[in-house]
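Taking it in order: structure first as structure tokens, then the write-up.
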Amino acid sequence: MEAISDSALMLKVKDGDTDRLGLLFERYHRALYSFFYRLTSKGEVSEDLVQNVFLRMLKYRHTYTGAGEFKTWMYHLARNVHADYYQKNKRLGFSDDFTHLENKLQDDFTVEEQTRQEEEMHLLQLALNQLELEKREILILSRYQGLKYKEIAELYGCSEGAIKVRAFRALDELKNIYLKLERQEIV
């Protein structure tokens, strides 16, 4: 018997066969748990976040097109769940130029590499938390939540160009804060 692809399963879930989500859970709950545990270092929180990803898959199944890789869509949801977790706890996550840090997390990292990654992410969170609230929101909405500048402009009641400028300035400020924190840690 040939195994049904992840994309085909999700398309069945989208069409109303929600029992198929259980198969996707069996395939990916460990990988998601590992992903969240590396980000939070908390077992119970990681379990809750995994559950939230699958709840969002169910809630937003209508957005799945099957055009791209299922895992890409799933990790997009996972990143949003993670961002929401930190937003609720007044400790905002990270985004944009530092997405590469998250993508570098793999099962076969050495302890030294993993420690370095954790230090970089910690500095990044500290830097993000030093930004003004509006700048953090714009970065999270545009980079983490995937909103278009036009959509953010509607939220803020200004032009798309103004949001692009604010996002660029926020990223530049974040970079400067991060580099300053990094230099302090080296000294």
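Over 19 Å apart at the Cα level, from the set Lys59/Lys148; Lys42/Lys71; Lys135/Lys175; Lys12/Lys59, are Lys59/Lys148; Lys42/Lys71. Spin-label model, Leu55/Thr115: points 7 Å from Cα along the beta carbon direction are separated by 3.7 nm. Distance from the alpha carbon centroid of segment 111-130 to that of segment 1-77 works out to 26 angstrom.
Charge tally for Arg61 (other residues, Cβ to Cβ under 12 Å; Lys, Arg +1; Asp, Glu -1): +3. Convex hull of alpha carbon positions in segment 113-187: directionally averaged projected area 5.3 nm².
Residues Arg169, Arg143, Arg183, Arg61, ranked from the fewest to the most other C-beta atoms within 10 Å, line up as Arg183, Arg169, Arg61, Arg143.
With 0.36 nm allotted per residue and the present C-alpha distance subtracted, the Ser34-Asp15 stretch has 3.9 nm of extension available. Dipole check for segment 1-91: with +1 at the C-beta of Lys and Arg, -1 at the C-beta of Asp and Glu, and the Cα centre as origin, the magnitude is about 460 Debye. Evaluated with a Cβ-only charge set (Lys, Arg +1; Asp, Glu -1), segment 113-187 carries a dipole of roughly 300 debye about its Cα centre, given to the nearest 20. Net charge of the neighbourhood of Lys14, taken over other residues with C-beta under 12 Å away and scored Lys/Arg +1, Asp/Glu -1, is +2.
Fewest neighbouring Cβ atoms within 10 Å first, the residues Ser46, Ser34, Ser159 line up as Ser159, Ser34, Ser46. Computing Rg and the Kirkwood Rh from the Cα coordinates of segment 1-91 gives a ratio, Rg/Rh, of 0.99. Ordered by the number of other Cβ atoms lying within 10 Å of each residue's own Cβ, fewest first, Phe25, Phe168 fall into the sequence Phe168, Phe25. Farthest toward the positive end of the dipole of segment 113-187, out of Ala153, Leu181, Ser142, is the Cα of Ala153, where the dipole comes from beta carbon charges about the Cα centre.
We did not get these values from a lab; they are worked out from the coordinates using the rules stated. Predicted model, so just to flag it, every value in this text is computed and none were measured. As a convention, Cβ positions derive from the backbone with ideal geometry for all residues, glycine included, and neighbour counts pool all protein chains shown.
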